[in-house]
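Bear in mind these aren't lab numbers, they're just calculated from the coordinates by the rules spelled out. Small disclaimer: the values here were computed from a predicted structure and weren't measured. Because the Cβ atoms are built from the backbone with ideal geometry, glycine has one as well, and the counts that use them run over all protein chains shown.
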Amino acid sequence: MDSILKPWPWYVSGPLIAFTMAILIMLGKRFGMSSNLRTLCTIAGGDKAAEFFRFDWKSQRWNLIVMVGVIMGGFVAVNFLTIDESVAISTETVAKLKQLGFHSAGSSYMPTEFFANEVFSDPKTLFILVLGGFLVGFGARYAGGCTSGHAISGLSNLQLPSLIAVIGFFAGGLLMIHFIFPLLF
Amino acid sequence: MRDLIYLIVGIFFGIVLFKSEAASWFRIYEMFQFDAFHMYGIIGSALVLGVLFTQWIKRGNKKSLFGEEIKIADKEKSIARYAIGGILFGLGWALAGACPGPMYTLLGAGFLPILVVIFGALLGTFVYGLLKNKLPH
């Protein structure tokens, strides 16, 4: 029980993510989390604004149920399966983040500078969070998938397009962390 | 019954994302700094098993648990959409520290500002839908 309550090592977590994909394929479905964002846009009336949102969203109902489950899973994990939620990132990373002003590095799950409720009254942080989300949503649909659809499912199916997308994910991430972060913080 | 299975798969995946710390903003930052093996280990081990499983499924017309034929579609051929879309996604992934799966997990875990990120992601999806025909694919 103790090892469940602690953070799970990569060699447990990675196989369990592969297992999630395998189960969805065995159920005749596929592993793709960002598709739900499109479905939600359609439900919210996006089909009146663009052709892209005109599809039978009920065919994606199963994935919305998976999404609701993922939300519930987060609740279960934090409330019943975790004692200390601080993330033991490397000391080099902690030092770099403290230099940028992220003083919660090493002692919390998410940076309080971005994810404590005080940010709701902080326009700069709100802008950063909206912008980050916007790029994820826009980029995922443009690239036709996110980490689950391309990096796990697509590469597992040996798809060259997914390899291009994943190289793009890393190029964008490295650009953000190494060149844009120093300008932002 | 099927709905209950989908819900359980989701709950399981949500727990894995949280407990693996793949949903932690800090782990994403650390990955892009190459300071730890953790995230590479997660993605790498998932991929090794994922490749083996997917190739096993594709050799020999396996049936789904419901007895239906399993189809794993190829991605459509292109370079521009994957390269440009991928880079934009990566910029956002590193900034918000969360990709779509972890966004839902973090909401359940009670980090309410993630709602702002999810709002941004829905907005980005919507704007893509509006601009789709004008973008190089």
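Some observations on this one:
- Length gained when the stretch A:Phe120-A:Leu183 is fully extended (0.36 nm per residue, less Cα-Cα span): 20.4 nm
- Ranked by how many other beta carbons lie within 10 Å on average, peptides B:104-117, A:85-98 from highest: B:104-117, A:85-98
- Inter-chain shielding of A:107-120 (mean C-beta neighbours from other protein chains, 10 Å cut-off): 5
- Contact order normalised by residue count of chain A, Cα under 8 Å, 6+ apart, percent: 22 percent
- Whichever aspartates and glutamates have a C-alpha closer than 17 Å to that of A:Lys124, once near sequence neighbours (fewer than 8 apart) are set aside: A:Glu113
- Each principal axis of the range B:23-103 carries a Cα extent, and these read 43, 30, 21 Å when sorted largest first.
- Taking the Cα centre of the range A:1-83 as origin and assigning +1 to Lys and Arg Cβ atoms and -1 to Asp and Glu Cβ atoms, the resulting dipole is close to 180 debye.
- Cβ crowding within 10 Å averaged over residues, with B:18-24, A:49-55, A:178-184 ranked highest first: B:18-24, A:49-55, A:178-184
- Environment charge of A:Arg141, counting only residues whose C-beta is closer than 11 Å and scoring Lys/Arg +1, Asp/Glu -1: +3
- C-alpha center-to-center spacing [the range A:32-93, the range B:49-116] in angstrom: 11 Å
- Net charge of neighbours whose Cβ lies under 12 Å from the Cβ of A:Val94, counting Lys and Arg as +1 and Asp and Glu as -1: -1
- Among A:Val12, A:Val68, A:Val166, residue whose mean-square fluctuation peaks in a GNM of chain A (springs only between Cα atoms under 10 Å): A:Val12
- Relative to its residue count, chain B spans a Cα convex hull of 160 Å³ per residue.
- As a ratio to 2.2 N^0.38 Å, the alpha-carbon radius of gyration for the range A:2-54 is 1.72.
- Under the convention that each Lys and Arg Cβ holds +1 and each Asp and Glu Cβ holds -1, the size of the dipole of the range A:46-185 around its Cα centre is about 360 debye.
- Within the straight-line cut-off of under 19 Å between alpha carbons, the lysines reachable from A:Lys29 are A:Lys58, B:Lys58, B:Lys62, B:Lys63, B:Lys71, B:Lys75, sequence neighbours fewer than 8 places apart in one chain being disregarded.
- The dipole here belongs to chain B: it is taken about the Cα centre, uses +1 on the Cβ of Lys and Arg and -1 on the Cβ of Asp and Glu, and is about 500 debye.
- Computing Rg and the Kirkwood Rh from the Cα coordinates of the protein assembly as shown gives a ratio, Rg/Rh, of 0.95.
- Simple label model, 7 Å out from Cα along Cβ direction - A:Ala88 to A:Met26, nm: 3.2 nm
- Relative intensity, log₁₀ I(q)/I(0), of chain A from a Debye sum that treats every alpha carbon as a point, q = 0.11 Å⁻¹: -0.66
- Alpha carbon centroid spacing (whole Å) that separates the range A:137-185 from the range B:1-44: 16 Å
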